[in-house]
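My structure is below; once you've seen it, I'll send some questions.
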Amino acid sequence: MSRVETIGDATLYLGDCREIQPTLGKVDAVVTDPPYGMTFQSNYRIDRYNPIENDDSDELLLWSCDLAVEHSKYIFCRWDNLTFVPKPNSFVTWVKNNWSMGDLEHEHARQTEGCLFYRGPGHFFPKKRPTDAVEVPRTGNGFHPTEKPIELMTVVVEWTAGLVLDPFMGSGTTGVACARLGRKFIGIEIDPGYFDIACRRIEQAQRQGDLLRDILPREKPEQKVLL
């Protein structure tokens, strides 16, 4: 039996997403950064970060692309994953303020990361039509080795509508973005350590959101003259 935590509008599951997701029913949107065959291990903080679960193949990336949604899916990946994933409606590029090492002699220094966009049957852009490039500085990866900036995930969540699912929640950044935006969120994480971090971060974001709603002045009703 998986552990379940309810924090405000967020429901968080500790366990394998392949077992938990089929019990949830259909969701409006998926925003996630799944394992996609990097076999990532932090070179600088090996004693602090564990290897990412299931990151030795692209199986879970393909699984994510196949999830049914009503509104949209945004799935982070590498550029070379495009050769085998289902064709997306757009390929969004995250431009960050650093670059990877890679092949120093025969490869351009990578300063971007990609995100697959798939529209659902009920898709619409909640605001104006966004561009396919987002420029946000990367984080210092204080909670997770492939941590995304809250500002980036906030932008992506705002492209979606309704209930957001992140089946690879990690340290909970997508959930923090949803809490800040007042959006309902379901997160799933298989690693107990990262799950506990996500719970703490999302709970803190929920409290901050409640505090802001309490201290911000409310608009006074305006009396209109009927002619």
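The values are calculated or read from the model by the stated rules, or taken from the named source; none is laboratory data. This structure is a prediction, so every number in the text was calculated from the model and none was measured. Positions of Cβ are generated from backbone atoms using ideal geometry, with glycine treated the same way; all protein chains shown enter the neighbour counts.
Only residues in segment 1-17 that are touching a residue at least 40 places away in the same chain (Cβ under 8 Å) count as the first member; pair them with residues that are crowded, with 18+ Cβ neighbours inside 10 Å and assigned to a strand (DSSP E or B), Cβ under 6 angstrom, at least 6 apart or cross-chain, and list the lot.
Matching pairs, first to second residue: ARG3/LEU14; GLU5/LEU12; ALA10/PHE185; THR11/ILE186; LEU12/GLY187; TYR13/ILE188; CYS17/ILE188.
Pick out the one residue from TYR44, TYR13 that is of a type outside the set (S, T, N, Q) and at pLDDT below 75.
Sole residue among the options that is of a type outside the set (S, T, N, Q) and at pLDDT below 75: TYR44.
Counting just the residues of segment 112-131 that are of a type in the set (D, E, K, R), over 13 Å from ASN89 (Cα atoms) and touching a residue at least 12 places away in the same chain (Cβ under 8 Å), which one comes out surrounded by the most Cβ atoms within 10 Å (Cβ to Cβ)?
Among those that are of a type in the set (D, E, K, R), over 13 Å from ASN89 (Cα atoms) and touching a residue at least 12 places away in the same chain (Cβ under 8 Å), it is GLU113.
Continuing with this model, one more query. Being touching a helix residue (DSSP H, G or I) at 6+ places or on another chain (Cβ under 7 Å) and aliphatic (A, V, I, L, M) is the filter here, so list the residues in segment 151-189 that pass it.
MET153, VAL157, VAL164, MET169, VAL176, ALA177, ALA179, LEU181, ILE188
Listed here are the residues, each with its yes/no results for (1) surrounded by 24 or more Cβ atoms within 10 Å (Cβ to Cβ); (2) of a type outside the set (A, V, I, L, M, F, W, C); (3) in contact with a Pro (Cβ under 8 Å, 6 or more places away or on another chain); (4) not in a loop (DSSP other than H, G, I, E, B).
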position	(1), (2), (3), (4)
THR154	no, yes, no, yes
ALA161	no, no, yes, no
LEU165	yes, no, no, yes
GLY170	yes, yes, no, no
THR174	yes, yes, no, yes
CYS178	yes, no, no, yes
ARG183	no, yes, no, no
ILE188	yes, no, yes, yes
GLY193	no, yes, no, yes
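Right, another one. Go through segment 112-149 residue by residue and tally those that are β-branched (Val, Ile, Thr) and modelled with pLDDT under 95.
4
Only one of these conditions is not met by HIS71: (1) within 21 Å of VAL30 (Cα to Cα); (2) crowded, with 18+ Cβ neighbours inside 10 Å; (3) at pLDDT below 90. Which number is it?
Every listed condition holds for HIS71 apart from (3).
Moving on to the next point. For LYS87, state whether it is closer than 30 Å to ILE20 by Cβ and assigned to a loop (DSSP other than H, G, I, E, B).
Yes: the conditions hold for LYS87.
Out of ALA161, ALA109, which single residue is at pLDDT 95 or above and among the small types (Gly, Ala, Ser)?
ALA161
How many residues, within segment 1-28, are more than 17 Å from ASP191 (Cβ to Cβ), in a strand (DSSP E or B), over 17 Å from the mean Cα position of the chain (by Cα) and among the hydrophobic types (A, V, I, L, M, F, W, C)?
1
I'd like to verify a number: residues in segment 165-196 that are touching a residue at least 40 places away in the same chain (Cβ under 8 Å), among the β-branched types (Val, Ile, Thr) and over 13 Å from ILE20 (Cα atoms), how many?
1
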